[in-house]
Amino acid sequence: MSAWLLPLARRVGSLALVLLATSFIVFGAMYLAPGSPESFLVRGNSVTQETLQAIRDQYHLDEPFLSQYVLWLGGVVQGDFGLSIQFRQPVSELIASRVPTTALLVGYAAVLILVVGVLVGVLAAVKRGGVDGTAIVVSTVAMATPSFVVAMALTSLFAVTLGWFPAFGAGEGFGDRLWHLTLPAVALALSSAALVLRTTRTSMIGALGKEYVETARVRGFSSSRVVWGQAFRGGIVPVVTLAGLVISGLLVTTTIVETVFGLNGIGSLLVQAVNVKDFPVVQAVILIIVAVFVLSNLVVDLLYPVLEPRARAKGGAR
Amino acid sequence: MSGSTQMVDGPVLAIEQLRLDVGTGETAVRILDGVGLSCAAGEIVGLVGESGSGKSMTLRTAVGLAPKGARLTGSVRVAGRELVGAGRREVLRVRREVAAMIFQDPRAHVNPYQRIGAFVADGLRRTRGWGRARAAQQVVSLLDEVGLPDPETLADRYPHELSGGMLQRVMIASALSTEPRLLLADEATTALDVTTQAEIMGLLRRLREERGLAIVFVTHDLDLAAASCDRIHVMQSGVVVEQGPALDVFERPEHPYTRKLLDAMPSRLDAEAPTPIGGAA
Ligand SMILES: Nc1ncnc2c1ncn2[C@@H]1O[C@H](COP(=O)(O)OP(=O)(O)OP(=O)(O)O)[C@@H](O)[C@H]1O
Ligand SMILES: [Mg+2]
């Protein structure tokens, strides 16, 4: 038990360290970036020197860098990310209102990535020939195409020309939301699905050539039992590892996709916030993205011994 | 020859005039050329010959495992079912009901992701439609039959926790699960140490006795073949050059290739005066 707990504690500790380092870097970057937050606030309005000073005081802008950082971090550990400069609203509320759209979008894309990537990857590995060749060509193109290009191509074809899907907005109610999020999810998923497909294909070709798969054939298992019951179990291991990275990486790509499709998620929030130097928001969103990334890595690492019996603690009593 | 008048007429495995070609045109290669081999119930037939002589290929045709694009002529009958030119259904039936195969490297041939119990049970669950509990019970008695200690605990272990010899017994148990009549053993003892090799050989002989299995045993080791098999077939480049009762072949080889094989055996070299290095031709 403790042989299991100790590495976990170590992982959680390093997670905290990564987040701390990230917060410092992001804070530093915002500090060094040109332009000041209050200049956004006063743009277009005539404000008194006192108002300006009040803003500077509220965000501790006259303090030295390190104490600004410490003050901010003190709030963050208590769940207080401060006030959005742009919206004059607590950052945590702002983010909470934006998370459902992004979560649904990323979840939708993740399902597409796994279902399409794994199914077509296995199919290509099993059938080879024409299916395989087509899958390779299509996935190569998909991997090389930036998501905003995919987004615009999808919009012009399926939204503008054919009118099957809406081009903008997140919709109301679950069904309508899914309908609205279909094109964005496809745009978000495409290159990752291609990567998962290729990894699945390579891994399954290897697995299908394994001696123990031959054993299953000699035992008279049906083709589908051989593929899904024997080869798949080992073939999927590298895909699971990759999927953790790829799916958490969607949070980065979603900034572009949400902006192109006019979705109110945390990705588009980040883009808006960066544009106006709304640094409490930028900080919070980036911290969340990094936290999700590191956490999903942790999950994948913990999953690995479950998926790979040979990797289970050697000598550890079970 | 089987002179028996039982329900099963003739040998369990009967290979006649088997020819196997791969490649086309310039690259065409004849891998087996007129191979004949038979094995009756309760008989152990040894198949010996140097590397690349076609032993594995011959064995694999008996479970429909010829390489892709191979052209077969002649006849391979397993319990009366013709496999040359047979469709997938017929091949599956033979694999499920009549023949089983074990290999040289059990560590590679046992699924590393399955617990031993699940691996052995799969034969019954996937080809007989047995339920989990019923199969698990049968697995325990199979593991016991092949001489593995503490079968209940063993069924919960993973392959990497077992030695090569134990894994070969697991392979044999899984092969036996569907009650085959023919067991094909492709160098099943080659990778094992001498003691384990003798134990596995003893197990195979016992199974032949108790279950009336027909066993075809491929090996490089003529000594082992002579000691354990009833009859021996000697192969050279895709042809069976000599066959007969094990001791006859071993003690009075007729074909020069068999003599050459025998002379190359370490045990024989030891027995005779050592040949000086670079000595006379
Ligand atoms: N998949 C294949 N396609 C084409 N030729 C093959 C294939 N597998 C084996 N061969 C060739 O068939 C011949 C016989 O091979 P086989 O494996 O039956 O030999 P073997 O007697 O079992 O040898 P070993 O003792 O090394 O196992 C060899 O010349 C080999 O190169
Ligand atoms: Mg061989």
What number of residues within segment B:161-177 are within 11 Å of chain A (Cβ to nearest Cβ) and over 17 Å from residue B:192 (Cβ atoms)?
3
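Can you tell me which residue within segment B:85-142, out of those that are among the polar types (S, T, N, Q) and facing chain A (nearest Cβ under 10 Å), is nearest to residue B:192 (Cα to Cα)?
Going through the qualifying residues, I end up with B:104.
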Collect the residues in segment B:45-68 that are more than 8 Å from ligand 1 (Cβ to nearest atom), touching a strand residue (DSSP E or B) at 6+ places or on another chain (Cβ under 7 Å) and open to solvent by 10 Å² or more (accessible area, probe 1.4 Å), keeping them in residue-number order.
B:66
Scan segment B:9-26 and give yes if some residue there is under 27 Å from residue B:167 (Cβ atoms), more than 12 Å from ligand 1 (Cβ to nearest atom) and within 14 Å of chain A (Cβ to nearest Cβ), otherwise no.
no
For residue B:83, state whether it is surrounded by fewer than 19 Cβ atoms within 10 Å (Cβ to Cβ) and either modelled with pLDDT of 95 or more or away from ligand 2 (no atom under 16 Å from the Cβ) (or both).
no
Whether any residue in segment A:84-93 is modelled with pLDDT of 90 or more, in a helix (DSSP H, G or I) and β-branched (Val, Ile, Thr) is what I want to check.
yes
Under 16 Å from the mean Cα position of the chain (by Cα) and part of a helix (DSSP H, G or I): does that describe residue B:139?
no
Working only within segment B:174-214, note down all residues that are more than 16 Å from ligand 2 (Cβ to nearest atom) and β-branched (Val, Ile, Thr).
B:178, B:194, B:195, B:196, B:200
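The values are calculated or read from the model by the stated rules, or taken from the named source; none is laboratory data. Quick caveat: nothing in here was measured; it's all calculated off a predicted structure. So basically every Cβ, Gly included, is an ideal-geometry build from the backbone, and we count neighbours across all protein chains shown. Surface accessibility is based on the protein's heavy atoms, side chains included, excluding ligands, DNA and RNA. Shrake-Rupley method; radii C 1.70, N 1.55, O 1.52, S 1.80 Å.
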